[in-house]
Amino acid sequence: MSRDRVRRSLVRVFIVHMRCLMCKSGNMEATGDTRTNDDEALMYTHKCDLCGYYEYLAITYPYKEVIQIDAENQAEPITPNTIDRLGL
Ligand SMILES: [Zn+2]
């Protein structure tokens with residue numbers, strides 16, 4: 001039965017930000033534009049959400065990082081009660 005093959009893992013999701021080099025307070029946000037650098041590598045245009053500084057980065061920020069934190073509750077759906085019990 002396919003239900004027996006379903007596993008669930010508890011995860012935490014982080015939003016990874018890149019701080020601005022110039023003002024050191026703002027976060028770099030991908031504008032959607034790209035260009036290639038001198039090595040022909042694709043670079044993503046970013047603009048600081050505070051001071052407007054532009055930078056070209058190899059990956060886009062912000063991005064989501066998903067970390068598996070619990071492999072023991074594989075068969076247990078994540079409910080508000082589960083979250084409370086784990087102290088999250
Ligand atoms: Zn800035």
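See the values below:
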quantity	calculated
Test: residue in region 36-50 that is of a type in the set (Asp, Glu) and modelled with pLDDT of 95 or more	yes
Region 1-21 - residue that is farther than 20 Å from Val66 by Cβ and within 16 Å of the ligand (Cβ to nearest atom) and, of those, surrounded by the most Cβ atoms within 10 Å (Cβ to Cβ)	Cys20
Where a residue in region 22-33 is closer than 12 Å to His46 by Cβ and its partner, wherever it lies, is part of a loop (DSSP other than H, G, I, E, B) and near the ligand (Cβ under 7 Å from one of its atoms), with Cβ under 7 Å and at least six apart	Met22/Cys51; Met22/Tyr53; Gly26/Cys20; Gly26/Leu50; Gly26/Cys51; Asn27/Cys20; Met28/Cys20
Residues satisfying the stated conditions in region 22-58, i.e. loosely packed, with under 12 Cβ neighbours inside 10 Å and within 16 Å of the ligand (Cβ to nearest atom)	Lys24, Ser25, Gly52
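The values are calculated or read from the model by the stated rules, or taken from the named source; none is laboratory data. Since this is a predicted model, take the numbers as computed values, not measurements. Cβ coordinates were reconstructed from backbone atoms using ideal geometry, including for glycine residues, and neighbour counts include every protein chain displayed.
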